[in-house]
Amino acid sequence: ADITRLISPWHTDADLGRPIEVVTDMSKSRALGFNAFQASDQAFFDVFDTLRAQRLIP
C-alpha cells in the first residue's frame with residue numbers, strides 16, 4: 001500500500017512543528033461577504049466516508 005495516498009508527512013510536520021499557537025478569525029471574511037460554511041462534524045465524517053470509498057480504511 002502507498003501510505004502517501006493517505007497522509008502527507010510534510011503537512012503534518014508543518015502543523016505540529018509550529019513554535020507558537022495559531023489563532024484565526026473569520027470576522028473580516030464574513031464582513032466582506034464570505035458567509036458560507038461547512039459543519040465541522042459533517043466534514044469530519046465525510047473524510048472517513050471518502051477514505052472508505054477509496055478502500056484506504058476498512
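By how many nm would the segment from D41 to R55 grow when fully extended, if each residue of separation counts as 0.36 nm and the alpha-carbon distance is taken off?
On the way: separation 14, 0.36 × 14 = 5.04 nm, distance 2.16 nm.
Result: 2.9 nm gained on full extension.
Exposure proxy shown here: for I3, I20, I57, the number of other Cβ atoms within 10 Å sets the order, fewest to most, as I20, I3, I57.
Sites listed here are trypsin sites (Lys or Arg not before Pro) in region 9-58 whose DSSP assignment is loop and whose Cβ has at most 14 other Cβ atoms within 10 Å: R55.
As a proxy for reagent exposure, L51, L6 were ordered by neighbouring Cβ count within 10 angstrom, fewest first; the result is L6, L51. Of (1) 3.9; (2) 6.1; (3) 3.6, which is the value of mean projected area of the Cα convex hull in nm² derived from the coordinates here? Read-out taken from this structure: (2).
Since every read-out is calculated from the coordinates, none of them should be taken as a lab result. Owing to the predicted nature of the structure, the values given are computational and were not obtained by experimental measurement. Neighbour counts run over all protein chains shown; Cβ positions are idealised from the backbone, glycine included.
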